[in-house]
Amino acid sequence: MTEKTLDALVAENTLDIYPPEPMPFEIECIERDHQAMEYFGHHGGTVLEHAFTVANILHRNQKPFEAACIYGLAFRIRATNRDQYPLPQSLMQVRLLCLLKAGKPLPEHDLQTLAGQCRPYANYIEGIASAWRGGDNKDALVHIGNAFEEFLSGEEIDWLYLEIARKIQPSLFNSDKGDRETGKTIPRKLFMYWDKEPPEEITENIYFHQGIPDMEIEVFNQEKAASWLYEYYGIEAREFFLGMRHPAEAADFLRVHVTNLLGGWWLDADARIRDEAALQFMLDQKDDVVLFLTQNFVTHNDFYGTVAKSSIMEECLRILYNNCYKHKHLYIAYKTGPGIFNRALSRTAFRALQGIPNEERVKLYDQSKFEEVIQQIDAPYKARLPLWQAMG
C-alpha cells in the first residue's frame with residue numbers, strides 16, 4: 001500500500017474516517033509556523049475554539065495550505081458538537097478558500113458538502129475558483145451573485161469581489177453617460193475630527209490644513225459632532241455616536257454622515273495632504289466619488305471625497321445603521337470603518353451586473369496614488385494603540 005502524500009491527507013481530512021482530534025499530519029502542518037505551534041502547545045487542538053484559532057493564525061501568517069488543513073480539523077471537531085460556533089459552512093468555505101490560495105485542487109466531497117450546507121457560500125468559492133483559474137471575470141461574479149450578503153460587511157469576500165469587479169470593462173462603478181456636464185463636483189470642503197484635547201502634533205496638523213487657501217476646513221470635536229448629528233440626523237444618530245466604544249469608531253460614524261449630507265473630502269486628523277501637487281489632484285477631480293484602495297482591495301476611509309448624497313455614501317449609511325443595531329460589538333473596521341465602504345461597492349457592482357447601473361462616476365485609485373497624496377504624521381499615541389484600535 002502506497003503511503004499517502006500530505007496533499008492527499010489534507011484533501012480528505014474533513015471525512016469522518018478521522019477522529020475529532022489532531023492527526024500526526026495535521027500536527028506537522030502546525031509545526032510549520034512558530035506562532036501556531038506555540039498556541040497549540042499551550043491549548044492543544046481538541047476543542048473547536050483552539051483548533052479554529054490555530055487555523056486563523058496560519059491563515060493570517062500566509063500559510064494557506066496549512067490553514068486549510070487545520071480548518072478541516074476544526075470541521076471534524078465541530079461535527080461532534082453542533083451547538084458551537086463557527087458554523088460548519090463557515091469552516092468549510094474558509095478551508096476551500098485557503099486551498100485556492102495555496103493553488104491546490106478543491107476536493108469534490110468538500111464542495112458538495114458546502115453546497116448542501118449553504119448554496120451562496122458554494123457559489124462564492126466556485127466563482128473565485130473560476131476567476132483565479134483564468135475564467136471570465138464577469139461570469140465569475142454572476143455566479144457569485146450577492147453571496148457577500150451572507151457575510152458581515154468588510155469580510156474578505158468583499159475584497160475579493162472588488163478585485164474581480166475592477167477588471168470588468170466597461171466599469172461596473174461608473175455611469176455610461178459619457179463626459180456629462182452636470183455641474184456636480186466634489187465640494188472644496190475638508191472635514192476632520194478629534195474628540196477632545198488633541199496632542200500637540202494633531203493640533204499642528206489641524207493648523208496646517210486650516211492654512212490651505214483653496215479649501216473650506218471644518219474640524220469637529222466630540223461636543224460639536226454630537227450637536228451636529230442631532231441637528232441634521234436626529235436623536236438616534238447622536239445616541240449612537242456618543243455610545244461608540246472608541247474615538248476611532250466615533251470618527252467613523254461621523255464621517256459618513258457629514259460627507260453624505262454636505263459632500264467634500266474627509267481626512268483623518270493624523271494624516272496630511274502631502275504637498276501642492278496633492279492638493280491640486282484633489283481640486284482637479286471630476287468624478288462624483290473618489291476612493292482609494294489598499295493593496296488588498298480594502299477601501300481607505302481615512303481619506304476620500306464625495307459629492308453630497310451620493311448613492312455610495314447613502315449605501316454606506318444603510319450598512320452603518322444595520323451594523324449599529326445588529327452587530328454593535330463587531331470589530332471596528334467591519335462595523336463602522338472600511339468594511340461599510342467595501343460592502344457598498346459590492347452592492348453597486350452586483351446591481352450593475354443585474355442591469356441596474358450606477359448613475360454616478362466612482363473613481364477607484366490604488367495604494368500608490370494614496371501615498372502620493374497623503375502622508376501619515378508621526379504621532380506617539382499610535383505606538384501605544386492595540387492593533388484592533390489602530391486598524392479601526
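The values are calculated or read from the model by the stated rules, or taken from the named source; none is laboratory data. Since this is a predicted model, take the numbers as computed values, not measurements. Neighbour counts run over all protein chains shown; Cβ positions are idealised from the backbone, glycine included.
Where helices (runs of 4 or more DSSP H) fall entirely within the range 299-375, those with at least 1 residues that are among the polar types (S, T, N, Q) and farther than 23 Å from ALA277 by Cβ are at 311-326, 338-353.
Please find, among ALA308, ALA269, the residue that is closer than 14 Å to TRP194 by Cα, in contact (Cβ under 8 Å) with a residue 24 or more places away in the chain and over 19 Å from the mean Cα position of the chain (by Cα).
Values: ALA308 fails: closer than 14 Å to TRP194 by Cα.
Matching residue, one of ALA308, ALA269: ALA269.
When the range 66-89 is filtered for residues that are hydroxyl-bearing (Ser, Thr, Tyr), at pLDDT below 95 and part of a helix (DSSP H, G or I), nothing remains. Report yes if GLU38 is charged (D, E, K, R), surrounded by fewer than 22 Cβ atoms within 10 Å (Cβ to Cβ) and assigned to a helix (DSSP H, G or I), otherwise no. Spelling it out, GLU38 is indeed charged (D, E, K, R), surrounded by fewer than 22 Cβ atoms within 10 Å (Cβ to Cβ) and assigned to a helix (DSSP H, G or I). Could you say which residue among ALA68, ALA79, ALA115 is buried (at least 19 other Cβ atoms within 10 Å of the Cβ) and assigned by TED's automatic domain parsing to the domain that holds ASP16? Testing whether each residue is buried (at least 19 other Cβ atoms within 10 Å of the Cβ) and assigned by TED's automatic domain parsing to the domain that holds ASP16 leaves just ALA68.
For the range 267-290, the set of residues classified as among the acidic types (Asp, Glu) and buried (at least 16 other Cβ atoms within 10 Å of the Cβ) consists of ASP268, ASP270, ASP287, ASP288, listed by residue number.
Step by step: first the residues of the range 1-11, then only those that are exposed (fewer than 15 other Cβ atoms within 10 Å of the Cβ) and either among the polar types (S, T, N, Q) or under 20 Å from ALA102 (Cβ atoms) (or both), then the one that is modelled with the lowest pLDDT. Which residue is that? Looking at residues that are exposed (fewer than 15 other Cβ atoms within 10 Å of the Cβ) and either among the polar types (S, T, N, Q) or under 20 Å from ALA102 (Cβ atoms) (or both), I get THR2.
Conditions tested, residue by residue: (1) over 21 Å from the mean Cα position of the chain (by Cα); (2) more than 26 Å from PRO357 (Cβ to Cβ); (3) surrounded by 13 or more Cβ atoms within 10 Å (Cβ to Cβ).
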{"residue": "LYS138", "(1), (2), (3)": "yes, no, yes"}
{"residue": "GLY145", "(1), (2), (3)": "no, no, yes"}
{"residue": "GLU155", "(1), (2), (3)": "no, no, yes"}
{"residue": "ILE168", "(1), (2), (3)": "no, no, yes"}
{"residue": "LYS184", "(1), (2), (3)": "yes, no, yes"}
{"residue": "ASP214", "(1), (2), (3)": "yes, yes, no"}
{"residue": "VAL219", "(1), (2), (3)": "yes, yes, yes"}
{"residue": "GLN222", "(1), (2), (3)": "yes, yes, yes"}
{"residue": "MET244", "(1), (2), (3)": "no, yes, yes"}
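For the range 50-65, the candidate set comprises residues that are free of Cβ contacts under 8 Å to residues at least 12 places away in the same chain and assigned to a helix (DSSP H, G or I); within that set, the residue that is surrounded by the fewest Cβ atoms within 10 Å (Cβ to Cβ) is ARG60. Of the residues making up the range 208-222, those that are without any contact (Cβ under 8 Å) to a residue 40 or more places away in the chain and in a loop (DSSP other than H, G, I, E, B) number 3. Scanning the range 25-35 turns up one or more residues that are over 26 Å from the mean Cα position of the chain (by Cα), over 22 Å from TRP132 (Cβ atoms) and outside any helix (DSSP H, G or I). Among the conditions (1) charged (D, E, K, R); (2) in the same structural domain as PHE297 (by TED's automatic domain parsing); (3) surrounded by 20 or more Cβ atoms within 10 Å (Cβ to Cβ), the only one that GLU197 does not satisfy is (3). Only one of the numbered conditions (1) in contact with a Leu (Cβ under 9 Å, 6 or more places away or on another chain); (2) touching a residue at least 40 places away in the same chain (Cβ under 8 Å) is violated by PRO19, and that is (1).
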